[in-house]
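*Asks:* The structure follows.
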Amino acid sequence: MNGVVGELLTALALILLAGIVGWFVDGERGAMLTSVSALTVFFLRQLWLVLRLIHWAGAPLGTPTPSASGAWGTAFEALHRRARLASAESEQATQELARFRRAAEALPDGVMILDGYRTIEWMNLQAEVCLGLKASIDTGSRITHLLREPEFLAYLHDTDHRGIPFELRTQRNPGRVLQVQAAPFAAGRILLLVRDVTQLQKLATMRRDFVANVSHELKTPLTVTLGFIETAQDALPDAPPAEIARYLDTAGEQARRMQQLIEDLLTLSALETNAPPPLEDRVGVTALLEDILQEIRSLSGGRHRIALESTGPAWLLGGVRELRSAFANLAGNAVRYSPDGGDITVGWCVDGRGGGARFWVRDSGIGIAGEHLPRLTERFYRVDRGRSREAGGTGLGLAIVKHVLERHQASLLIESTPGRGSTFSAVFPEHRVQS
Ligand code: ADP
């Protein structure tokens, strides 16, 4: 305010001075002429400064304010300060928005914001992946035009869905199960959370199947055992002891089968819950292979030709009990799935590809058709259920092998030709072997 009064007083003083000078030069006429000229100069200066202000206001944000003296200088400085403040505030808002976006991008779940008309305002990368959308193309489109599954449309239409998740299977991401949760917020907007639950669903199904399988596997031998015990009890008074002994033998055999199944289940559960075997434990391979060979020779009872080819490193680093169980399972299968007179070779050698080592078992047995190979390590998966039972199998052997190998960072390779035989190899990485 002071600046404005000062500016006016200065202008008046200058006009007065110009008038006095004019009066001295040319009397009354001169005074009038110089005063009007001074007034005109004053107005022209104001006009020029207004024009500079208008020009500055139209320039991009951040353009420095024009400089001037007096009241205009004060006004320009005040404007400059305001502009700086506004640009700092907008910079801060931009940074906060960028930070929020980065945080939303880092979320493991999909997040989408819909306006009151269900138009996509924003989505993170995870939402794009889950829903098969593209933010650069689909932002601004109505979600109801992009995801047309009727159940989803009904879910979105229903305003009472607060907190209740919905399971969505969409053509845009076939084969995946998505859990969608809509949360209404300000001005009819909806925050849509999307999570891929395919794996969780698979796990739940596997767990259910596993319990059903175990129950089924135990039920059969238990029924047989009970049947034979009851028959033996009924026959006891007058049946010859040899017959009773036969009944009890069969019951015993079924009980052993159940025992083996429970042992395998406990082994699997320990493999799943215990810590992985330490690298410091050294397992002498020669002694381990001798043990395995002795075991399968006794299992074969002289019905097969069994050989050993061991040229690999002296030590394996890992858990001896686990490794013995895995190797014995592979070698035992070779005996159980090879007809009498078959050839079985157990081998240990350097792995040509990676600098690690390979344990392998080759048999000349029944072999396995290609379509079964990917599923062999599933629990209770058998190519021929009857044959496996006959051979005393539980259907868990290769599942145990797979777990043991995974815990040693090793992989299982299976090559097989039906009617000609199979080779099962466990390939260990370099850091698990020592010469
Ligand atoms: P099982 O107790 O039934 O032997 P495994 O998990 O050890 O269970 O093996 C799964 C299935 O893989 C077996 O039932 C059998 O059909 C097949 N299999 C495993 N090893 C061999 C082999 N050496 N030759 C032929 N088939 C095999």
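*Asks:* If only one of VAL320, VAL346 is in contact with a helix residue (DSSP H, G or I) (Cβ under 6 Å, 6 or more places away or on another chain) and either of a type in the set (Ser, Thr, Tyr) or not assigned by TED's automatic domain parsing to the domain that holds ARG257 (or both), which one is it?
*Replies:* Exactly one of VAL320, VAL346 is in contact with a helix residue (DSSP H, G or I) (Cβ under 6 Å, 6 or more places away or on another chain) and either of a type in the set (Ser, Thr, Tyr) or not assigned by TED's automatic domain parsing to the domain that holds ARG257 (or both), namely VAL346.
*Asks:* Right, something else. So GLY352 clears everything in (1) over 26 Å from PHE210 (Cβ atoms); (2) within 8 Å of the ligand (Cβ to nearest atom) except one condition, right? Which one?
*Replies:* (2)
*Asks:* Working only within the range 227-237, note down all residues that are farther than 22 Å from ARG385 by Cα and out of contact with any Leu (no Cβ under 7 Å at 6 or more places or on another chain).
*Replies:* Within the range 227-237, PHE228, ILE229, GLU230, THR231, GLN233, ASP234, ALA235, LEU236, PRO237 meet the criteria.
*Asks:* While we're looking at this one, here's another question. Find all pairs meeting these conditions: Cβ atoms under 6 angstrom apart; at least six residues apart or on different chains; first residue within the range 318-332 and over 11 Å from ILE296 (Cα atoms); second residue more than 15 Å from the ligand (Cβ to nearest atom) and in a loop (DSSP other than H, G, I, E, B).
*Replies:* If the second residue must be more than 15 Å from the ligand (Cβ to nearest atom) and in a loop (DSSP other than H, G, I, E, B), the pairs left are GLY318/PRO277; GLY318/HIS408; GLY319/PRO277.
*Asks:* Now for a separate question. Suppose the filter is on the phi > 0 side of the Ramachandran plot, in a helix (DSSP H, G or I) and either exposed (fewer than 15 other Cβ atoms within 10 Å of the Cβ) or among the acidic types (Asp, Glu) (or both); does GLY27 pass it?
*Replies:* Yes; evaluated as a whole, the condition is true for this residue.
*Asks:* May I pose another question? For the range 97-204, which strands (runs of 3 or more DSSP E) that fit wholly inside it have 2 or more residues that are surrounded by fewer than 18 Cβ atoms within 10 Å (Cβ to Cβ)?
*Replies:* Filter on the range 97-204 gives 120-123, 166-168, 178-185, 189-196.
*Asks:* I'd like to verify a number: residues in the range 412-433 that are more than 16 Å from the ligand (Cβ to nearest atom) and either surrounded by fewer than 15 Cβ atoms within 10 Å (Cβ to Cβ) or assigned to a loop (DSSP other than H, G, I, E, B) (or both), how many?
*Replies:* 3
*Asks:* Exactly one of (1) surrounded by fewer than 16 Cβ atoms within 10 Å (Cβ to Cβ); (2) of a type outside the set (Ser, Thr, Tyr); (3) in a helix (DSSP H, G or I) is unmet by TRP56. Its number?
*Replies:* The number of the failed condition is (1).
*Asks:* Next question, about the same structure. Identify, please: which residue in the range 362-371 is within 8 Å of the ligand (Cβ to nearest atom) and in contact with a Lys or Arg (Cβ under 9 Å, 6 or more places away or on another chain) and is, among those, nearest to MET206 (Cα to Cα)?
*Replies:* GLY367
*Asks:* When you go through ALA287, ALA275 one by one, which is the residue that is surrounded by fewer than 12 Cβ atoms within 10 Å (Cβ to Cβ), modelled with pLDDT under 95 and small (Gly, Ala, Ser)?
*Replies:* Unique residue meeting the criteria: ALA275.
*Asks:* Out of the residues in the range 387-411 that are outside any loop (DSSP other than H, G, I, E, B), within 11 Å of the ligand (Cβ to nearest atom) and aliphatic (A, V, I, L, M), state the one that is surrounded by the fewest Cβ atoms within 10 Å (Cβ to Cβ).
*Replies:* Looking at residues that are outside any loop (DSSP other than H, G, I, E, B), within 11 Å of the ligand (Cβ to nearest atom) and aliphatic (A, V, I, L, M), I get ALA399.
*Asks:* Can you confirm whether PHE359 is of a type in the set (Phe, Trp, Tyr) and within 10 Å of the ligand (Cβ to nearest atom)?
*Replies:* So PHE359 does not fit the description; no.
*Asks:* In this structure, is ASP281 more than 16 Å from the ligand (Cβ to nearest atom) and without any contact (Cβ under 8 Å) to a residue 12 or more places away in the chain?
*Replies:* No: the conditions fail for ASP281.
*Asks:* Given the structure, is ALA369 closer than 16 Å to GLY393 by Cα and not polar (S, T, N, Q)?
*Replies:* no
*Asks:* So which residues in the range 372-386 are of a type in the set (Asp, Glu) and either within 8 Å of the ligand (Cβ to nearest atom) or not in a loop (DSSP other than H, G, I, E, B) (or both)?
*Replies:* Hit for the range 372-386 is ASP384, nothing else.
*Asks:* Check the range 363-377 and report whether any residue there is on the phi < 0 side of the Ramachandran plot and in contact with an Asp or Glu (Cβ under 6 Å, 6 or more places away or on another chain).
*Replies:* The answer is yes; a qualifying residue exists.
The values are calculated or read from the model by the stated rules, or taken from the named source; none is laboratory data. Everything numeric here is computed off the predicted structure, so don't read it as measured data. Cβ sites come from the backbone with ideal geometry, for glycine too, and all protein chains shown count toward neighbours.
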